[in-house]
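Enquirer: I'd like to ask some things about the structure below.
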Amino acid sequence: MTLAVGLSVLLFSCGGGGNHKSKKTKKIEVTGSAEMEVVPNEIYMTFTLKEHMKGGNKVAIEDVKTDFLTLCKTAGIADSNISTAGYAGNEQWNYWWWYNRRHNTDVFATITYTVMVSSPEKLDQIVAGLTDDAIQNFYVSKTGHSDIEQLRKEVKTNALQASKDKATYLAQSIGEQVGEALLIQEVEDSYYSDVTGNTRSANKMMMQESNESMGYLSDGAASSPSFEKIKLRYEMKCEFALR
């Protein structure tokens, strides 16, 4: 985990003196920022499995499902971390497809699972047990962190402290002292980068593509995929009275 604290441009203001009967509060306005990068511990992998021919016979989707779920269990994946994301047969999930399936053995079904793991090593265990015939494709759909809300609070607190520190040394440079806080406001262009690509994120945390791509399924050699860290950055705008 890495942590960086930055400071943005200062805006300093003091009360003017147009009306001698009403003295405005002297204040200083600053913006502080903080960043944190963390390694994701929630990795969502999507696997699409398919029926296939083996020794002249079709391996039914029920058998494909059983083999995959057994593989996940062996890798230590809890049932609660496995969900069915899709189920189809040659992109025709309807009565006509089911009718054909009963009379035409060339119709193949597919099923898609999303599996959440805590580390790339667990993905290695699953991938190493897959076969070229049973797997259609797999990819990382998103990544996250189990303590993300606590980490966000920590970064915002650090940004707020950076604002206070900045106001303090700037005020001291002109012989003033920082008093009470008059305003604390989160700047809206702060962001949290993850794989989902929402309005306040950058789509950065994708698994780096390997030159071998799906090739390492057949040779049995699996190396851990590399994931970009989750980046949190927040800015806090503050106003402090001067005394």
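The values are calculated or read from the model by the stated rules, or taken from the named source; none is laboratory data. Fair warning: this is a prediction, and the values are worked out from it, not measured in the lab. Neighbour counts are summed over all protein chains in view; Cβ atoms, including those assigned to glycine, are modelled from backbone coordinates with ideal geometry. The accessibility values were calculated without ligands, DNA or RNA, using every heavy atom of the protein model including side chains. Shrake-Rupley method; radii C 1.70, N 1.55, O 1.52, S 1.80 Å.
Enquirer: Mind checking which lysines have their C-alpha under 19 Å from Lys27, skipping anything on the same chain fewer than 8 residues away?
Expert: Lys164, Lys166, Lys237
Enquirer: Further question on the same structure: Sequence neighbours fewer than 8 away in the same chain don't count; with that in mind, list the lysines whose C-alpha is under 29 Å from Lys54.
Expert: The qualifying lysines are Lys65, Lys73, Lys122.
Enquirer: Net charge near Ala134, counting Lys/Arg +1 and Asp/Glu -1 over other residues with Cβ under 15 Å of its Cβ?
Expert: Charge balance in the 15 Å sphere: -2.
Enquirer: Once amide H atoms are built 1.01 Å from N in the peptide plane, which residues 5 or more positions from Ile77, or in another chain, come under 5 Å H to H?
Expert: Long-range HN contacts for Ile77: none found.
Enquirer: Once the piece of chain linking Glu29 and Ile174 is laid out straight, how much longer is it, given 0.36 nm per residue of separation minus the C-alpha distance between them?
Expert: Length difference between fully extended and current span is 50.7 nm.
Enquirer: Taking the Cα centre of region 104-154 as origin and charging only Cβ (+1 Lys, Arg; -1 Asp, Glu), how large is the dipole, in debye to the nearest 20?
Expert: Computed charge dipole of region 104-154: roughly 260 debye.
Enquirer: How do 60-69, 144-153 rank on mean C-beta neighbours within 10 Å, highest first?
Expert: 60-69, 144-153
Enquirer: So how much accessible area does Met236 have, in Å² to the nearest 10, using a 1.4 Å probe?
Expert: Surface open to solvent at Met236 totals about 20 Å².
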